[in-house]
Amino acid sequence: TPQKAHYIIGVSQCSDDEWREQMNKEIKREALFYPGVKVDICTAKDDNAKQIADVEDFIDKGVDLLIVSPNEAEAITPVIEKAYDKGIPVVLVDRRIYSDKYTAYVGADNYEIGFQVGNYIAERLHGKGQLVEIAGLHGSTSALERHRGIMAALKKTPDIKIVASADAAWLRVSAKEAFDSILNCHSHIDMVVSHNDRMAEGAYEAALEKGRQKEMLFVGIDALAGEGHGVEQVINGQLDATFIYPTGGDKVFEVAMNILQKKKYNRETILSTALVNRANARIMQMQTAHISQLDSKIEVLDKRLDAYLMRYSSQQMLLYACIII
Ligand code: FRU
């Protein structure tokens, strides 16, 4: 069967932050390898109603495929089912919905990450201590699964007590506020586990303001490279450890293209995680710095290619004009 040469892919991100920015960059870079494919990215800024409207908009525009990271599963499920029922393939990334009506999922296994985080906590605290959990947005599947994973791993260590738990909606400021009140109620805390590094930073700031940051260890998830992010926070000692939550934008785009081009693809692509602590953070930073240099070179080459093609086509026009004259 002949395949359409031009595709429009709609990307609906639930949030707007450094992790999403990284994924969007990877998606756009991968798209450079597929001429004739247009990528339209929008962000709902953690607002379910905005994300529903964004997806509706993409449906109305008649996109060929949707990539969606659903803010909260329950609220976003119906609009994704609607798109799917209309025959638009849907690739879910990072978070899931409460339905089978999607074409593929690309992202890490959040339960598994939670489980690894829980094991790390148990080991680091030697099976005993006062723990605080700063959780991600309650209705998002990544937060629910991370929580379940952490709890499952901690079952074997009854002497690790979760003295407080707060939903900080993935946000630094909310984590800071929540942890500030937790600090007021608890005179001793051994460890704070945050569902992402951004919230770990907020919690750390609250502790710092009270001069209590050295009393406890901070653990996060994401491990983004780059200034001020997770890996650097491990290097400067602010975070005791973090776990890689891969953005995988290139893989997401590859799966999307395989679906569009009727090639083989896996319905579930599970990206793996790894512990980042003092032992490997520096190596990781060096390597990601190198990768990001190479990435920029790809972008430079693409711009040059564009410029050459423009010059080439205007020369061709000139040539035709000369022949006609
Ligand atoms: C980014 C983010 C990450 C987190 C993920 C969970 O928007 O908040 O920090 O790991 O979403 O879905």
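All of the numbers you see were taken from the coordinates with simple rules; none came from a lab. This one's a predicted model, so the numbers in the text were calculated from it and none came from an experiment. For neighbour counting, all protein chains shown are included, and Cβ atoms are generated from backbone atoms with ideal geometry for every residue, glycine included.
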task: In whole angstrom, note down how far apart the Cα centers of the range 1-53 and the range 209-286 are.
output: 20 Å
message: Given axes a ≥ b ≥ c from the Cα gyration tensor, I'd like to know whether the range 1-77 is rounded (a/c under 1.5), prolate (a/b larger than b/c) or oblate.
response: oblate
field: Residue-by-residue Karplus 3J(HN,Hα) for the range 210-222, coefficients 6.51, -1.76, 1.60, Hz, glycine and proline x
entry: 9, x, 10, 5, 7, 5, 9, 9, 10, 10, x, 9, 2
Gyration tensor verdict on the range 231-325 (Cα atoms; rounded if a/c is under 1.5, prolate if a/b is larger than b/c, oblate otherwise): oblate
task: Compute the acute angle (0 to 90°) between the alpha-carbon long axis of helix 141-154 and the principal axis of greatest extent of the alpha-carbon atoms of the chain; round to the nearest 10°.
output: 40 degrees
message: Counting other C-beta atoms within 10 Å, and keeping those with at most 14, which DSSP coil GluC sites (Glu not before Pro) do you find in the range 166-227?
response: Glu227
field: Of Lys28/Lys263; Lys50/Lys263; Lys38/Lys263; Lys28/Lys297, pairs whose Cα-Cα distance is over 23 Å
entry: Lys50/Lys263
field: Residues whose placed amide H lies under 5 Å from that of Leu271, excluding near-sequence neighbours
entry: Gly107, Ala108, Asp109
- request: Between Ser314, Ser165, Ser142, find the one with the highest GNM mean-square fluctuation for the chain; connect C-alpha pairs within less than 10 Å.
  value: Ser314
field: Peptides 147-158, 257-268 ordered by average Cβ neighbours within 10 Å, highest first
entry: 147-158, 257-268
field: Amide H contacts of Gly129 (H built 1.01 Å from N, under 5 Å, at least 5 apart or other chain)
entry: Ile160, Lys161
- prompt: Taking a 26 Å limit on the Cα-Cα distance, which of the listed pairs Lys101/Lys156; Lys101/Lys251; Lys82/Lys262 fall beyond it?
  reply: Lys101/Lys156
field: Size of electric dipole in the chain: Cβ of Lys, Arg +1 and of Asp, Glu -1, about Cα centre, debye, nearest 20
entry: 820 debye
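Stretched out fully, how many nm does the piece from Asn184 to Asp302 gain, at 0.36 nm a residue minus the Cα gap?
37.1 nm
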statement: Computed, not fitted: 222 nm per-residue ellipticity of the chain from DSSP H runs ≥ 4 (each -39500 (n - 2.57)), nearest 500, equal to -16000 deg cm²/dmol
query: Ranked by Cβ crowding within 10 angstrom, fewest neighbours first, how are Tyr111, Tyr204, Tyr98, Tyr312 ordered?
result: Tyr312, Tyr98, Tyr111, Tyr204
